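The values are calculated or read from the model by the stated rules, or taken from the named source; none is laboratory data. Keep in mind the model is a prediction, meaning the values are calculated, not measured. Reconstructed Cβ throughout: ideal geometry from the backbone, glycine too, with neighbour counts over all protein chains shown.
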Amino acid sequence: MPFSEDSQIDFSSFNPQELIELSYVSKSTTDVGILGLMNLLEDAVHKNKKLGVTGVLFYDSGIFGQILEGYPNCVEPIWNAIVADRRHEEIQVLDIDKLPKRRFSNWSMKFYGSDEISKYVPELKMGLKASENALPSEILTLMRSVGFQSSGNDGQNQTESRL
Ligand SMILES: Cc1cc2nc3c(=O)[nH]c(=O)nc-3n(C[C@H](O)[C@H](O)[C@H](O)COP(=O)(O)O)c2cc1C
């Protein structure tokens, strides 16, 4: 199993003054419709704004992928809520590490649904689908890439949740 199955993270092992990046994939427990995704994003954006957490959320065919960026004491309560959330299961941490600079500094939670993934990161579609067998580092590289491509105002028409 290439992913860590342990969602327990020791946030105190990180310097509180340094940003961290936490990424994972998970499976939705219900058929998340557009309304479900909107509710989820509303929750996420509200709390992330309050805690200065930024990142990106992908959803395609029952699989979520997410990157969270922020200071350890801000990411921790959000992570605890995410882990306890019944809307998904089989959470597989891809990576957690310190982060020199935010990739999604303008987004409290940028969102890519199936159409945006097909258009902007088509390789990620396969990666998420085969997430149990795919390399975590490859999925993570693809998820991070949309941060780089969207850091400028490139006119893409995606669902965005700006800070
Ligand atoms: C896939 C997924 C991603 C989520 N991402 C976030 C997030 O980035 N920030 C956040 O605050 N909540 C996120 N949530 C929602 C939380 O699990 C939770 O509902 C929300 O933080 C409100 O929690 P509270 O009512 O305990 O304050 C996510 C939930 C799921 C299923």
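Name the one entry in Lys110, Lys125 that is farther than 17 Å from Ser28 by Cβ and basic (Lys, Arg). Before you say what the answer is, go through the steps one by one.
Details: Lys125 fails: farther than 17 Å from Ser28 by Cβ.
None of the other options fit; the residue is Lys110.
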Considering only region 20-31, I want to know if a residue exists there that is in a strand (DSSP E or B), in contact with an Asp or Glu (Cβ under 7 Å, 6 or more places away or on another chain), more than 23 Å from Glu132 (Cβ to Cβ) and among the charged types (D, E, K, R). no
Matching residues in region 50-70 - criterion: being surrounded by fewer than 19 Cβ atoms within 10 Å (Cβ to Cβ), more than 9 Å from the ligand (Cβ to nearest atom) and over 16 Å from Ile91 (Cα atoms): Gly52
Filtering region 92-110 down to residues that are part of a strand (DSSP E or B) and without any contact (Cβ under 8 Å) to a residue 60 or more places away in the chain yields Trp107, Lys110
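Kindly establish whether Glu116 is part of a helix (DSSP H, G or I) and either under 19 Å from Ser145 (Cα atoms) or away from the ligand (no atom under 13 Å from the Cβ) (or both).
Working: part of a helix (DSSP H, G or I): yes; either under 19 Å from Ser145 (Cα atoms) or away from the ligand (no atom under 13 Å from the Cβ) (or both): yes.
Yes.
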Taking the conditions exactly as written (over 20 Å from Gly36 (Cα atoms), within 16 Å of the ligand (Cβ to nearest atom), among the small types (Gly, Ala, Ser) and at pLDDT below 95), does Gly127 satisfy them or not? no
I need a count of the residues in region 70-91 that are without any contact (Cβ under 8 Å) to a residue 60 or more places away in the chain and on the phi > 0 side of the Ramachandran plot. 1
For region 10-30, what are the residues that are over 17 Å from Leu57 (Cβ atoms) and surrounded by fewer than 18 Cβ atoms within 10 Å (Cβ to Cβ)? Asp10, Ser12, Ser13, Asn15, Pro16, Gln17, Glu18
Would you check which residues across region 32-49 are assigned to a loop (DSSP other than H, G, I, E, B) and surrounded by 13 or more Cβ atoms within 10 Å (Cβ to Cβ) and list them? Val32
